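Data first, discussion second: the structure below is written as structure tokens.
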Amino acid sequence: MKKGKQYKFKINAYTPDTLPLARCADYLHELADIFGESPHVHFMKIIEGSTQLVAKVEHEAVPKVEERINAIERGNGPASSMKAYDKINKMLMEDNGTGAILRGRAKILKFPGKKEDIIKPMTIQQPGEIVGELNRVGGSRDIVHITINSEENDISSINVKREIAKDLAKHLFEQVKLIGNGRWERNVEGVWNLISFTVDSFEVLEDIPLSQTVLELRGIKGEWKKDVLSEILESRKP
């Protein structure tokens, strides 16, 4: 049976004697999202000196864990691991410390913690979905620009190829789900903003007529009073 690899998360803010149990659990929780592959990653021990939490990754999961950590270092890791990285860094700032993940003696991922006065801007690219009302389809080139009215605001930084745009245009002013890849930027306040989104496919969301909705409600077992249906009808008025 092939051996796995050990990784150490080094925290210079505590010693094993001063690290609160709850805080240790918080760090371990976020580290699990950093590594991913949870069935194949195991907590082993705490090493003295500057606190080092040691985890063992099973052999078959090492390549995936390594790629995940490398992607975090590049700034384009999975959303859950990027969120965990930010969380650990914030915790280290609160604890007035710094940290790093080590493989042997090599630091493969650093956490600046207290040395980072402000959150640095960061850009990542992730698959995602946008849901809203299709308001505009425009452009005459290979890439067409569209606008979606979401629950929060109008999103206009959306691009789609002409062949998809032709089908999409048939559903103007209808609710759609756009599926594709988005480019997100985190500003110095830590807020993520959509820079651009490229559509790979879409789905038209069903808009159920009021008459059908009422029939479905009446079909549900139980007692329905007249005033309940009246409230529903009133809430549907513009």
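Read-outs: derived from the displayed coordinates by stated rules, not from any lab. What you see is a predicted model; the values in this text were computed from it and never measured. Neighbour counts are summed over all protein chains in view; Cβ atoms, including those assigned to glycine, are modelled from backbone coordinates with ideal geometry.
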*asked:* Among 85-95, 193-203, how do they line up by average Cβ neighbours within 10 Å per residue, starting with the highest?
replied: 85-95, 193-203
_Separation in nanometres of the label points that stand 7 Å from Cα toward Cβ, at Asp142 and Ile179_ = 2.4 nm
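Using every Cα-Cα pair within the stretch 1-102, state what percent have a distance larger than 18 Å. The partial results should precede the final answer.
Values: 2315 of 5151 pairs.
Of the Cα pairs, 45 percent sit more than 18 Å apart.
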*Run the quick spin-label model on Lys83 and Lys64: label points 7 Å from Cα toward the beta carbon, then report their separation in nm to one decimal.*
1.9 nm
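I'd like the per residue volume of the convex hull spanned by the Cα atoms of the stretch 46-106, given in cubic angstrom. Show your work: numbers first, answer last.
Numbers: hull volume 6.4 nm³, N = 61.
Given the Cα convex hull of the stretch 46-106, per-residue volume reads 106 Å³.
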_Directionally averaged shadow of the stretch 55-170, computed from the convex hull of its alpha-carbon atoms, nm²_ = 11.3 nm²
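Please compute the length gained on full extension between Asp154 and Glu48, using 0.36 nm multiplied by the number of residues separating them and subtracting their Cα-Cα distance.
Full extension of this stretch gives 32.8 nm more.
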_Cut-off under 5 Å, modelled amide H: who pairs with Ser196 long-range_ = Arg183
*asked:* Residue by residue through the stretch 32-46, what is 3J(HN,Hα) from phi via Karplus (6.51 cos²θ - 1.76 cosθ + 1.60, θ = phi - 60°)? Round to whole Hz and write x for glycine and proline.
replied: 4, 6, 5, 6, x, 6, 3, x, 10, 10, 10, 6, 10, 6, 10
*Can you list the HN-Hα couplings for the stretch 157-168, worked out from phi with the Karplus curve (6.51, -1.76, 1.60; θ = phi - 60°), rounded to whole Hz and with x for Gly and Pro?*
8, 10, 10, 8, 5, 4, 5, 6, 4, 4, 6, 5
